[in-house]
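Engineer: I'd like to ask some things about the structure below.
The values are calculated or read from the model by the stated rules, or taken from the named source; none is laboratory data. Values in this document were obtained by computation on a predicted structure and should not be read as measured data. No Cβ is skipped: glycine too gets one built from the backbone with ideal geometry, and neighbour counts run over all protein chains shown.
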Amino acid sequence: MSEKHLDELRHSTSHIMAEAVLHLFPGAKFAIGPSIEDGFYYDFDLPRPLTPEDLEVIEARMREIIEAGYPFDRREISREEAEKTFADQAYKLELIGDMPEDEIISIYTQGEFTDLCRGPHVKNTGNVNSEAFKLLKVAGAYWRGDEKRPMLQRIYGTAWSTPEELKDYLDRLKEMEKRDHRRLGKELDLYSIHEEAGAGLVHWHPKGGVIRTVIEDFWREEHYKAGYDVIYTPHIGRAQLWEDSGHLDFYRDLMYSPMDIEGQEYFIKPMNCPFHIMIYKSRLRSYRELPLRWAELGTVYRFERSGVLHGLLRVRGFTQDDAHIFCAPDQIEEEIGRALAFSLFIWRSFGFDEYEIYLSTRPEKYVGEPERWEQAQEALHRALEKEGLPYEVDEGGGAFYGPKIDISVKDALGRIWQCTTIQFDFNLPERFDMSFIGEDGKEARPYMVHRALLGALERFFGLLIEHYAGAFPVWLAPVQAVLIPITDRHVEYARQVVTQLREAGLRADMDSRSERMQSKIRDAQLQKIPYMLIVGDREMEAGAVAVRLRTEEDLGARSVEEFIAMAQEAVAEKRVD
């Protein structure tokens with residue numbers, strides 16, 4: 001079935017659900033009910049909170065409506081008739097009031113339900129498969145996303161062509177729930193967020209801190225190899241800086257309230273780029289210095305409404321793996337190629353090798369000369385072609401200040417995550433009057449490229465948790481091996497082995513609790529530790545360990561030296577299997 005038909009099917013199912021809800025709550029007020037990716041929702045103002053049992057009753061009524069095969073009848077009406085039709089529906093009246101005077105107003109009726117709707121819909125309710133839809137959950141949703149407006153109850157559902165497709169989707173949902181980084185973050189003791197400390201602010205626990213440290217160390221090492229310099233910039237800046245950069249004009253709603261420091265307004269930084277420009281402008285630059293590649297793991301803060309905060313994926317404070325490249329016009333193509341190849345290398349190192357890539361070109365409103373845009377877009381195009389990467393062109397989708405490449409990665413479940421951006425900027429070099437002395441002795445304007453690779457470390461960590469379902473590759477695992485002594489008399493030997501492993505650069509712990517061995521093994525598997533090293537009399541006598549994997553595979557006895565070599569090899573090769 002085409003996406004278009006699925007969209008019509010799901011939109012129609014949302015109307016069927018609305019009719020069923022009104023059957024259960026005759027005086028209910030209903031708001032909007034669009035189709036969304038993989039499903040639909042409808043928002044209601046109801047006299048009481050819905051329960052799981054209510055959803056079952058609503059589903060049963062929906063099947064009756066489907067069985068009746070009511071046609072979806074469309075009718076165009078005047079504004080006056082629309083207001084009369086929905087006289088007792090305040091949310092519909094507000095929508096009608098916001099419509100342009102010349103807009104055609106249409107309604108759809110099926111059975112006993114009439115809705116304000118542009119459509120389209122399937123022919124009749126019988127076109128919806130009564131065994132291929134499911135109501136999933138109820139959530140709160142502010143009317144029109146405004147926290148100052150009424151809180152409505154949003155019923156989410158999904159609809160498919162066949163019961164088999166529905167089952168596949170529900171199975172996928174179960175797998176997504178198993179991989180949910182919020183649940184795993186708690187179970188594996190990786191991070192937490194505390195309302196009393198501030199919503200959207202992440203606390204990295206020791207195990208999460210280990211993984212972050214490994215990521216950052218790898219990031220720095222590879223950036224140095226790739227010719228970048230790592231810099232550090234302040235967390236606050238004077239208001240004048242943000243005025244000069246344009247952030248106060250374009251992003252003020254995302255910036256936290258200013259603070260007064262000796263009569264001067266300061267803002268917490270929402271971005272790193274103006275500070276990088278300050279470093280560039282700290283002295284006169286020559287063409288001989290270019291290109292300059294400066295990278296920073298810079299923590300920034302942006303206001304997000306509480307309703308959109310979501311674990312690690314949407315936060316208010318995050319560390320951006322930011323970089324800016326300043327180069328001469330004749331260097332731009334090579335620099336874009338390097339940035340693109342470097343981005344893909346980093347993603348592959350973390351186990352991601354499927355991508356969707358977009359090249360976004362000049363919009364109608366833009367800054368900079370058209371010829372520079374053409375040069376920049378051509379450089380992006382040639383870099384993608386050289387790498388042999390398939391991509392789509394998003395005509396006019398660039399920012400007003402420059403074209404860009406966006407890279408979205410696919411995780412283990414095939415979900416798309418937009419992460420990497422390679423973004424030209426013709427705006428900031430002009431705003432800050434940036435220049436370098438060219439080979440001819442004259443001042444010239446440098447090209448500036450923003451490059452966010454992993455994006456925010458917090459969001460990337462959430463992606464990483466869900467991609468691996470918390471079972472991180474050995475090189476990333478916070479605890480790589482746990483020693484499990486069978487009895488108390490084996491504890492001292494196990495402690496000696498832990499010391500050997502740590503001296504060899506491996507992250508090892510010991511479980512010396514007075515629990516049965518099988519219980520300890522089970523706990524280590526739940527903590528998704530790659531290697532369980534069991535030691536008893538035989539292992540102690542032979543200077544060995546019995547190696548078990550978290551997959552329950554038993555590798556048998558290995559000398560401590562042999563195990564160290566095996567684990568070090570897995571770490572060095574950054575294996576992801």
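Engineer: Count, please, the residues in the range 336-357 that happen to be crowded, with 16+ Cβ neighbours inside 10 Å and touching a Phe, Trp or Tyr at 6+ places or on another chain (Cβ under 8 Å).
Structural biologist: At the first step, the residues of the range 336-357 found to be crowded, with 16+ Cβ neighbours inside 10 Å are 336-340, 342-344, 346-347, 350-352, 355, 357.
Those left that are additionally touching a Phe, Trp or Tyr at 6+ places or on another chain (Cβ under 8 Å): 344, 346-347, 351, 355, 357.
Number of matching residues: 6.
Engineer: Now for a separate question. Picking from Asp488, Asp523, which residue would you name as being in contact with an Asp or Glu (Cβ under 8 Å, 6 or more places away or on another chain), surrounded by fewer than 19 Cβ atoms within 10 Å (Cβ to Cβ), of a type outside the set (Phe, Trp, Tyr) and outside the structural domain of Lys207 (by TED's automatic domain parsing)?
Structural biologist: On the way: Asp488 fails: in contact with an Asp or Glu (Cβ under 8 Å, 6 or more places away or on another chain).
Every option except Asp523 fails the conditions.
Engineer: What number of residues in the range 452-464 are part of a helix (DSSP H, G or I) and within 17 Å of Ile416 (Cβ to Cβ)?
Structural biologist: Going through the range 452-464 one residue at a time, the tally reaches 5.
Engineer: Residues in the range 434-443: is at least one more than 30 Å from Pro363 (Cα to Cα) and β-branched (Val, Ile, Thr)?
Structural biologist: Checked against the condition, which is being more than 30 Å from Pro363 (Cα to Cα) and β-branched (Val, Ile, Thr), the range 434-443 yields at least one hit.
Engineer: I would also like to ask the following. Using the structure shown, decide if Leu533 is aliphatic (A, V, I, L, M), buried (at least 20 other Cβ atoms within 10 Å of the Cβ) and without any contact (Cβ under 8 Å) to a residue 60 or more places away in the chain.
Structural biologist: Details: aliphatic (A, V, I, L, M): yes; buried (at least 20 other Cβ atoms within 10 Å of the Cβ): yes; without any contact (Cβ under 8 Å) to a residue 60 or more places away in the chain: yes.
Yes.
Engineer: Determine whether Lys269 is touching a Ser or Thr at 6+ places or on another chain (Cβ under 9 Å) and without any contact (Cβ under 8 Å) to a residue 12 or more places away in the chain. Before the answer, list the steps.
Structural biologist: Working: touching a Ser or Thr at 6+ places or on another chain (Cβ under 9 Å): yes; without any contact (Cβ under 8 Å) to a residue 12 or more places away in the chain: no.
No; evaluated as a whole, the condition is false for this residue.
Engineer: Which of the following residues is small (Gly, Ala, Ser), surrounded by fewer than 23 Cβ atoms within 10 Å (Cβ to Cβ) and modelled with pLDDT under 95: Ser559, Ser514? If you could, list the steps in order and put the result at the bottom.
Structural biologist: Numbers: Ser559 fails: modelled with pLDDT under 95.
Just one listed residue meets the conditions, Ser514.
Engineer: In the range 447-470, what residues are crowded, with 21+ Cβ neighbours inside 10 Å and more than 12 Å from the chain's Cα centre (by Cα)?
Structural biologist: Let us first name the residues in the range 447-470 that are crowded, with 21+ Cβ neighbours inside 10 Å, namely 447-451, 453-454, 456-467, 470.
Tyr447, Met448, Val449, His450, Arg451, Leu453, Gly470 - these are the residues of the range 447-470 that are crowded, with 21+ Cβ neighbours inside 10 Å and more than 12 Å from the chain's Cα centre (by Cα).
Engineer: Checking the structure you have, find out if any residue of the range 78-100 is in contact with a helix residue (DSSP H, G or I) (Cβ under 7 Å, 6 or more places away or on another chain) and part of a strand (DSSP E or B). Spell out how you get there, then give the answer.
Structural biologist: Initial filter on the range 78-100 (in contact with a helix residue (DSSP H, G or I) (Cβ under 7 Å, 6 or more places away or on another chain)): 79, 82-83, 86, 91, 93, 96.
Restricting the remaining residues to those that are part of a strand (DSSP E or B) gives none.
No: the range 78-100 contains no residue that is in contact with a helix residue (DSSP H, G or I) (Cβ under 7 Å, 6 or more places away or on another chain) and part of a strand (DSSP E or B).
Engineer: In the range 555-577, which residue that is of a type outside the set (Ser, Thr, Tyr) and in a strand (DSSP E or B) is nearest to the chain's Cα centre (by Cα)? Working first, answer last.
Structural biologist: Within the range 555-577, the first condition is being of a type outside the set (Ser, Thr, Tyr), and the residues that meet it are 555-558, 560-577.
Keeping just the survivors that are in a strand (DSSP E or B) gives 555-558.
Working: Leu555: 37, Gly556: 40, Ala557: 42, Arg558: 41 Å.
The qualifying residue nearest to the chain's Cα centre (by Cα) is Leu555.
Engineer: Pairs please, first residue from the range 322-350 and within 25 Å of Lys442 (Cα to Cα), second anywhere and acidic (Asp, Glu) and part of a helix (DSSP H, G or I), Cβ atoms under 8 Å, 6+ apart in sequence or on different chains.
Structural biologist: Between residues of the range 322-350 that are within 25 Å of Lys442 (Cα to Cα) and residues that are acidic (Asp, Glu) and part of a helix (DSSP H, G or I), the close pairs are Ile325/Glu335; Cys327/Glu335; Glu333/Glu378.
Engineer: Select from the range 56-90 the residues that are aliphatic (A, V, I, L, M) and surrounded by fewer than 12 Cβ atoms within 10 Å (Cβ to Cβ) and write down the one among them that is farthest from Tyr108 (Cα to Cα). Give the steps one after another, and end with the answer.
Structural biologist: Filtering the range 56-90 for residues aliphatic (A, V, I, L, M) gives 57-58, 60, 62, 65-66, 68, 77, 82, 87, 90.
Adding the requirement that they be surrounded by fewer than 12 Cβ atoms within 10 Å (Cβ to Cβ) leaves 60, 87.
Values: Ala60: 22, Ala87: 16 Å.
Once the filter is applied, the top-ranked residue is Ala60.
Engineer: I'd like to verify a number: residues in the range 1-50 that are farther than 23 Å from Arg149 by Cα, free of Cβ contacts under 8 Å to residues at least 40 places away in the same chain and of a type in the set (S, T, N, Q), how many?
Structural biologist: 1
Engineer: Looking only at the range 407-438, which residues are of a type outside the set (Ser, Thr, Tyr), farther than 20 Å from Arg372 by Cβ and buried (at least 21 other Cβ atoms within 10 Å of the Cβ)?
Structural biologist: Of all residues in the range 407-438, those of a type outside the set (Ser, Thr, Tyr) come to 407, 409-419, 422-434, 436-438.
From the residues that got through so far, the ones that are farther than 20 Å from Arg372 by Cβ too are 407, 409-419.
Across the range 407-438, the qualifying residues are Ile407, Val409, Cys419.
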